[in-house]
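**Q** Handing you a structure now.
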Amino acid sequence: MDGEKFLHAMQEKVAYESLQPKFLGYQNEVDELQDLRIFSAKLDLSRFATEKKEKFKEELDKATRELEEVLSSNHKTWGTARTAINSFLQMALYNRYLSESFDLYLAEHLFELPLVKRTVDGLRRYEKNNSLPEWSGLDLLKPDVANQYQDFARKMADNLGVSRIHLSMFLWPGWNT
């Protein structure tokens with residue numbers, strides 16, 4: 001098997017495994033979940049191989065808009081699209097073959113934390129001033145609310161000495177900072 005076919009197969013596997021129904025809060029929306037996986041499997045990961053904050057954000061915003069257009073009207077929301085992309089990018093970064101082939105490690109410090117119920121609950125547990133907005137779920141998540149959570153996540157990650165993308169492993173219930 002040639003390298004390109006291998007990488008494509010690996011990307012499909014990572015897309016499938018990173019976008020699980022329970023993680024994203026899906027119940028029976030098989031079509032929407034499949035749309036998320038197909039989009040991620042075809043996403044050009046080289047777009048995210050940059051150390052430049054502005055370039056990375058531009059590509060992440062563009063990919064989010066592209067995925068919103070793919071989703072059916074039931075889940076055509078910014079929050080669902082952004083979280084799916086962030087979840088997929090996280091697992092692509094953690095996959096040696098994809099990370100090395102597409103230079104994803106260059107943007108590790110720029111990746112966003114996937115905002116799902118578990119990570120949001122974890123951030124809220126460690127936020128002492130009660131300044132984070134109420135969580136209304138992925139379908140109602142808007143960029144301004146996501147930015148508040150991402151800013152807090154960045155500060156928490158900086159205090160732990162890790163990139164924000166890795167913070168989810170520290171947000172399990174029972175973990176103590």
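The values are calculated or read from the model by the stated rules, or taken from the named source; none is laboratory data. Just so it is clear, the model here is predicted, and its values are computed rather than measured. Backbone-built Cβ (ideal geometry, glycine too); neighbour counts: all protein chains shown.
**Q** Could we say that Gly79 is assigned to a helix (DSSP H, G or I) and over 26 Å from Lys52 (Cα atoms) here?
**A** Against the criterion (assigned to a helix (DSSP H, G or I) and over 26 Å from Lys52 (Cα atoms)), Gly79 does not qualify.
**Q** In addition: Can you confirm whether Val145 is in the same structural domain as Lys13 (by TED's automatic domain parsing), free of Cβ contacts under 8 Å to residues at least 60 places away in the same chain and not basic (Lys, Arg)? Quick ask: steps written out before the conclusion?
**A** On the way: in the same structural domain as Lys13 (by TED's automatic domain parsing): no; free of Cβ contacts under 8 Å to residues at least 60 places away in the same chain: yes; not basic (Lys, Arg): yes.
For Val145, the condition - in the same structural domain as Lys13 (by TED's automatic domain parsing), free of Cβ contacts under 8 Å to residues at least 60 places away in the same chain and not basic (Lys, Arg) - is not met.
**Q** Anything in segment 24-52 that is among the polar types (S, T, N, Q) and either at pLDDT below 95 or within 17 Å of Ala81 (Cβ to Cβ) (or both)? List them, or say none.
**A** Within segment 24-52, Gln27, Asn28, Gln34, Ser40 qualify.
**Q** Sort out which residues of segment 39-58 are part of a helix (DSSP H, G or I) and buried (at least 19 other Cβ atoms within 10 Å of the Cβ), and write them in order of number.
**A** Let us first name the residues in segment 39-58 that are part of a helix (DSSP H, G or I), namely 39-42, 45-48, 53-58.
Passing the criteria: Phe39, Ser40, Leu45, Phe48, Phe56.
**Q** Quick check on this structure: which one of Glu134, Glu127 is in contact (Cβ under 8 Å) with a residue 12 or more places away in the chain, of a type outside the set (Gly, Ala, Ser), farther than 17 Å from Pro114 by Cβ and not assigned by TED's automatic domain parsing to the domain that holds Glu51?
**A** Glu127
**Q** Out of (1) surrounded by fewer than 16 Cβ atoms within 10 Å (Cβ to Cβ); (2) of a type in the set (S, T, N, Q); (3) modelled with pLDDT of 90 or more, what's the single condition that is false for Ser136?
**A** (3)
**Q** Here's a follow-up. Going by the conditions given, is Ser99 buried (at least 19 other Cβ atoms within 10 Å of the Cβ), in the same structural domain as Lys57 (by TED's automatic domain parsing) and either out of contact with any Asp or Glu (no Cβ under 8 Å at 6 or more places or on another chain) or in a loop (DSSP other than H, G, I, E, B) (or both)?
**A** no
**Q** Would you pick out the residues in segment 76-96 that are buried (at least 20 other Cβ atoms within 10 Å of the Cβ) and charged (D, E, K, R)?
**A** Correct list: Arg82 only.
**Q** Additional query: Report, ordered by the first and then the second residue, all pairs with beta carbons closer than 8 Å, sequence separation of six or more or different chains, a first member in segment 9-38 that is of a type in the set (Phe, Trp, Tyr), and a second member that is at pLDDT 85 or above.
**A** Hits for this filter: Tyr16/Arg37; Tyr16/Ala41; Phe23/Ser87; Phe23/Val116.
**Q** Any idea which of (1) at pLDDT 90 or above; (2) surrounded by 13 or more Cβ atoms within 10 Å (Cβ to Cβ) is the one Lys5 doesn't satisfy?
**A** (2)
**Q** Please go through segment 139-154 and give me each residue that is of a type outside the set (A, V, I, L, M) and buried (at least 16 other Cβ atoms within 10 Å of the Cβ), ordered by number.
**A** Correct list: Tyr149, Gln150, Phe152, Arg154.
**Q** Here's another thing I want to ask about it. Could you count how many residues in segment 102-118 are part of a helix (DSSP H, G or I) and either crowded, with 21+ Cβ neighbours inside 10 Å or at pLDDT 95 or above (or both)?
**A** Selection size over segment 102-118: 4.
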